[in-house]
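One structure is given here, and the rest of the page talks about it.
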Amino acid sequence: MTPIIETRDLWKIHPMDGTGVEALRGVNLAVEPGEFVALVGPSGSGKSTLLHLLGAMDTPTRGEVVFEGKNLAAFSDGERTQLRCRQIGFVFQTFNLLPTLTAFQNVELPLRLARVPTRERIPRARELLIQVGLGARTNHLPRQLSGGERQRVVIARALANHPKLLLADEPTGNLDSVTGKEIIALLQEVHRAGQTIMLVTHNADVAAQANRALHVRDGAIGT
């Protein structure tokens, strides 16, 4: 089986004061379809840098990121944009919802960007909000929602275009412990429905809810 995503001797070095800071050092990993994998480690360990590379939001200093057997280095800017729009869903700690759009409009936005016809995108957005428990909050703006509700909108938005891979960067980081558990339970439900997920966390209890944990420290990775 071809992994959904893998890295081969992946390095990321940030130039600084004429030298360089090694954010990632020779990372090798592979995620198979249907897995729920946690990248766990302390702040500054390199796990968010790794997630940005996996999501085609950044490019490595050397090494390869391979999505379904295709090296992202060979992708044009347009192809990388299409990959992020159609194949990879993103869940951010800071939500990144557009404040002037309703919950429904935020979820509908990636469908618009993917040029999904109106007859398909409207029921899809409604279906997703119902799935995450917000069927009665579709017309609310982000400021009218709690932190947990906003994160549910983010998850619905991330799933809009049926991504093959869902990347979640500290999805419970801005939430209280009870709400955080609810969000992890929702991600587990999404995973049981067949979604491949990679989740970044510094919380060992959150990481324990995944099927597999990869430990990141000082830019290197282990099990």
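The values are calculated or read from the model by the stated rules, or taken from the named source; none is laboratory data. Note that the coordinates shown come from a computational prediction; the quantities given were computed from them, not determined experimentally. Note: ideal-geometry Cβ built from the backbone for every residue, glycine included; neighbour counts use all protein chains shown.
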Open item on the list: For a quick check of your reading of the model, give me the residue pairs whose first member lies in the range 191-217 and is at negative phi, whose second is charged (D, E, K, R) and in a helix (DSSP H, G or I), with beta-carbon atoms closer than 9 Å and at least 6 apart or on different chains.
Closed with: Val200/Lys47; Thr201/Lys47; His202/Lys47; Asp205/Lys181; Val206/Lys181; Gln209/Lys181; Leu214/Lys47; Val216/Lys47
Task: Unmet criterion (only one of (1) closer than 21 Å to Leu167 by Cβ; (2) assigned to a strand (DSSP E or B)) for Gly34 - done: (2)
Task: Which listed residue is in a loop (DSSP other than H, G, I, E, B), among the hydroxyl-bearing types (Ser, Thr, Tyr) and at pLDDT below 95, from Thr172, Thr138 - done: Thr172
Open item on the list: Anything in the range 182-204 that is assigned to a helix (DSSP H, G or I) and within 20 Å of Leu128 (Cα to Cα)? List them, or say none.
Closed with: Glu182, Ile183, Ile184, Ala185, Leu186, Leu187, Gln188, Glu189, Val190, His191, Arg192
Task: The lone exception for Gln209 - which of (1) part of a loop (DSSP other than H, G, I, E, B); (2) more than 29 Å from Glu6 (Cβ to Cβ) it fails - done: (2)
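Being over 27 Å from Pro123 (Cα atoms) and of a type outside the set (D, E, K, R), is that true of even one residue in the range 180-194? Lay out the reasoning, then the answer.
Filtering the range 180-194 for residues over 27 Å from Pro123 (Cα atoms) gives 180-181.
Restricting the remaining residues to those that are of a type outside the set (D, E, K, R) gives 180.
Yes, the conditions are met somewhere in the range 180-194.
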Task: Test: residue in the range 102-120 that is in contact with a Phe, Trp or Tyr (Cβ under 7 Å, 6 or more places away or on another chain), at pLDDT 95 or above and within 24 Å of Gly194 (Cβ to Cβ) - done: no
